[in-house]
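See structure below.
We did not get these values from a lab; they are worked out from the coordinates using the rules stated. This is a predicted model, so every value here is computed, not measured. Please note: Cβ atoms are built from the backbone with ideal geometry, for glycine as well, and neighbour counts cover all protein chains shown.
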2 protein chains.
Amino acid sequence: MNDATDRTRYSALLHAAGTHYVDVLDQRLLPHRVQTQRIASADDAAIAIRDMAVRGAPLIGAVGAYGLALALDTDTSDAALSSAHAMLDATRPTAVNLRWALDRVHARVVSLAPKERAHAAWAEADAIFAEDVSINEAIGRHGLSLLRDIAREHERTVNVMTHCNAGALATCGLGTATAPIFLAHDEGMPLHVWVSETRPRLQGANLTAWEMAQRDIAHTLIVDGASGLLMRRGDVDLVIVGADRVAANGDVCNKIGTYDKALAAADNGVPFYVALPSPTIDWSAPSGDAIPIETRPSTEVLEVRGRTSSGDADGVAIAGDGTRALNYAFDVTPQRLVSGYLTERGLARDAAALRRLFPERAPR
Amino acid sequence: MNDATDRTRYSALLHAAGTHYVDVLDQRLLPHRVQTQRIASADDAAIAIRDMAVRGAPLIGAVGAYGLALALDTDTSDAALSSAHAMLDATRPTAVNLRWALDRVHARVVSLAPKERAHAAWAEADAIFAEDVSINEAIGRHGLSLLRDIAREHERTVNVMTHCNAGALATCGLGTATAPIFLAHDEGMPLHVWVSETRPRLQGANLTAWEMAQRDIAHTLIVDGASGLLMRRGDVDLVIVGADRVAANGDVCNKIGTYDKALAAADNGVPFYVALPSPTIDWSAPSGDAIPIETRPSTEVLEVRGRTSSGDADGVAIAGDGTRALNYAFDVTPQRLVSGYLTERGLARDAAALRRLFPERAPR
C-alpha cells in the first residue's frame, strides 16, 4: 500500500506487499455501503472490471495488471499469459489504460523464464499502481495553478464543474479531475463543485458527491441537462473532466454527456479542461472516430438503482414494459472544444503541445 | 369532450358539457398506472398543477381556466375571482400559458354581472380547450411537411429526437412536438423517435415513451447526455421540442436540458425546431433573461421514482444522506440556435417572422 492513498481516507485499490491478492472497494454499493471485495484470481479481476465493481480508466488499468499477475501465480506458461491477457482485455473496450497496462505487464514478463514471471508481474503491477499515484499528484499540481489563477482573479469561491467520476475512486491515488480540487481544498481555497449526476449509472451522484462529502468539500448535485443553464448563468468558472481514451489529434472519449458539457462550455466562454494521465493517450488512434464506443446493457437506462425507502438497495423501472433503450457509455468531444489537457508533465493546449510533452511516445 | 381527443386513445383532460368538474390523467403514475383524477374545485386544480398530476404548458393553461370556472361556481364575487386567479397563477411560474389562460377567463367574466360569471367562465375554458386541440392539429400539419421533406430526401426511416413531453399529455389534443410525428405515422411514414429520458422527473421515459408505445411508433429511450453523441453519429434528422415560454426575441424557455440539445444540434447541422402554440409566446418578455426559471424541490434530483421489483411505486435515493442538489426545472435556448418555430399559423424562421405571423398580438 502506497502512503499517498492514506490521504484519500479510503482506497479504490489496495495491495499490501507480499500478498497474492488485491482488495478493491465495490463501487456499485456506494454511497450507501462501503464494502471491499477481494480479488484473488484473474477471473475475479475480469469480473470486477466487467461488472463495474471497479471502474475509471486508470483504476481498471491497475486492476487488469494485478489480474495478469494473479493469472501467472497459477500458470506461468505462454499460453496462460496470452489467454489471461485476452480475457482481461475483453472486459471493457473503450478505456485504453487497460490495454496499456496489460501490454506493459506482458512485455515485462514474456521474455523471462516461466518461474520468474509471476514475481516480475506483481512488481510491474505495483509499479503501475505507484506511477498512477504520482501522475495524479502531478496533474493535481498543474491543475491547482489554474484554480489559483481563477481564485486570484475573482476573489470569491471558485466554481468547478465535473462529470462522472474521475476521482480517487477512478484511480490509485487522488484522482485525475479531482486532484486539483483536493489540493486546492487542502490549501484552504474556497471552492464549490457542481457534480453532474451522470446517467445512466450515476457515478456523479454515487461516487463524486460521496468523495466530496468525505473531504468536506462544498458541492451540489445537478441533473446532466442542467450544466448548460448553469454555465449560461455564469455559475461555472471551469469544467474539469477525466478521459477514457484520448486520440492523437486530441479528441476525447469520455463518459456519455461529456461532449454536451464541452459544447455548453464553449458557447459560454467557460474553460473546459481534460485531466489526462499519459497512459490514457492512444497515440495509435488518429482521431476520436477510431475509438470503439462501448454499448452497455439497456437495463442501465431502464432501471435506476438506489436505496429504497425501506433502506434496501433496489432498482426502479422508469419506463413501461417493453420500452427499448440504447446505452452508449461514452461519447467523443472534438479537440476544438478542449481548452487544455492537464497531464503529469504539465498543461497542453492542443494536440501539438501534447506531442511535445511526450516526444518519446508520440509517433513521428 | 372534443372529438379530436378520441384520436389520442387517452385524454390528458376531459370535460363533458354540462358537468361541473374535469377529469385529468394523474401523470405522476404513468406509465405504470393509468388513473384519472377528478378536479371539482379551484383548490383541486391548483394542487393538480402544483404537484404535477398535470403538466405541460398548454394543459396547465386549460386546467387553470377550468379551475377559475370552478372557483366561480362557489363564489362569483370580484374578491373570489381575483383570489382564485392569484392562487392558480402562483402554482407554476415559468409556463406563460397558465397566466394567459387565467387572464383570458378573467377578462371574459370581470365585467359581467356576478350571476353570469360562472357560465361564461366554463364556456371560455371550453373554448381554450377546443382552440388548443385545433392549434395542435395545425402545428402537426406544418411539422408534417418538414418531415415529408426529410423522408423524400433520405428515402429511409426519419429519425426525430424530442425531449421531455410535449405530447398529447401536455395538451388538450395531439400534443405540440408530437403532433407532426403522430400525423406522419398515421400516413405511414417510416419514423423512429429518440426519446430523451428528461431527468429529474423523467417525462421522456414516463410519458413520451408511453405515448409512442400507445401508438405503435418505433422509439428508443436514451439518457439526456446521449443526444450529442447520437447527433454526431448522424443518427438524428431533426429535433422537435416544445416550449414553456418563448420571449419576443425568440429565446425559448423549455425543460432543463433543451439548451444542451440545441447546442449539439447546431454543432452537427441538425435542424432544431420548437413546436410553439401562440399562447406560449410572451410578447412582453424582451428576451429569455426576463423569464423566471422555476426552482423545484431538490428531492426530485436526489430520489428517482419508478416501479420496484415487487411492482410497487417507490423512490430510490441516488446520493448519500445530506447531499445537496439544485433543481432548476427549465433552461433558456437562445434564438440563434433555433432553426424554426412551428406555430399554428405556419413555420417562422426567426423572431421577425414570428411577429409577422401574429401581427395583432406582437407589440409595435
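Rg and Dmax of the range B:272-331, both derived from C-alpha coordinates alone, stand at 17.4, 51 Å.
Of the two radii for the range B:42-84, the radius of gyration is 1.01 times the Kirkwood radius, both from the alpha carbons; that is the Rg over Rh value.
Over the residues of the protein assembly as shown, compute the C-alpha Rg and express it relative to 2.2 N^0.38 Å.
Working: Rg = 27.6 Å, N = 728, 2.2 N^0.38 = 26.9 Å.
In units of the globular-protein estimate, the protein assembly as shown measures up at 1.03.
Over the range B:174-223, the pair-distance histogram of Cα-Cα distances with 10 Å bins from zero comes to 27, 57, 15, 1 percent, rounded to whole numbers.
Using only the C-alpha atoms, the convex hull of the range A:291-363 corresponds to 182 Å³ per residue.
Report the FRET efficiency, 1/(1 + (r/R0)^6), for B:Thr295 and B:Ser83, where r is their Cβ-Cβ distance and R0 is 30 Å, rounded to 0.05.
Values: r = 25 Å, r/R0 = 0.83.
With a Förster radius of 30 Å, E is 0.75.
In percent, rounded to a whole number, the relative contact order of chain B is 15, using alpha-carbon pairs under 8 Å and six or more apart. Comparing A:Ala127, A:Ala290, A:Ala80 in a Gaussian network model of chain A where C-alpha atoms under 10 Å apart are linked, the largest mean-square fluctuation is found at A:Ala290. Run through all the Cα pairs of the range A:197-341 and give the fraction in each 10 Å bin from 0, expressed as whole percent. The calculated distribution, bin by bin, is 11, 34, 35, 18, 2, 0. FRET efficiency for B:Asp43 and B:Ala17, Cβ-Cβ distance as r, R0 = 22 Å, nearest 0.05? About 0.40, to the nearest 0.05. Lysine pairs in the protein assembly as shown whose alpha-carbon atoms fall under 25 angstrom of each other, counting only those eight or more residues apart or on distinct chains, come to 4. Report summary: the helix-based calculation at 222 nm, which adds -39500 (n - 2.57) for every DSSP H run with n ≥ 4 and divides by the residues of the protein assembly as shown, gives -11500 deg cm²/dmol. As a size descriptor, the averaged projected area of the C-alpha convex hull of the range B:115-165 was calculated at 4.8 nm². When the inverse distances between all different Cα atoms of chain A are averaged and flipped, the Kirkwood radius reads 20.6 angstrom. Its Cα gyration tensor gives the range B:137-238 an equivalent ellipsoid. The semi-axes, each the square root of 5 times an eigenvalue, are 20, 18, 11 Å from largest down.
Suppose R0 equals 56 Å; then what is the FRET efficiency for B:Ala113 and B:Asp312 from their Cβ-Cβ distance, rounded to the nearest 0.05? Efficiency at R0 = 56 Å is approximately 0.60. Evaluated over the Cα positions of the range B:10-63, the convex hull gives a direction-averaged projected area, one quarter of its surface, of 3.6 nm². Semi-axes of the equivalent ellipsoid for the range B:90-194, computed as √(5λ) from the eigenvalues of its C-alpha gyration tensor and ordered from largest down, come to 37, 14, 9 Å.
Whole-Hz Karplus values for the range A:89-95 come out as 5, 7, 5, 9, x, 8, 5 Hz, taken residue by residue from phi with 6.51 cos²θ - 1.76 cosθ + 1.60 and θ = phi - 60°; glycine and proline positions read x.
Where Lys and Arg each count +1 and Asp and Glu each count -1, what net charge lies around A:Thr74 among other residues with Cβ under 13 Å from its Cβ?
Residues close to A:Thr74 contribute a combined charge of -3.
Per residue, the Cα convex hull of the range B:1-133 amounts to 89 Å³.
Computed from the mean reciprocal separation of all distinct C-alpha pairs, what Kirkwood hydrodynamic radius does the range B:64-118 have, in Å?
Values: mean 1/r = 0.0913 Å⁻¹.
11.0 Å is the Kirkwood radius here.
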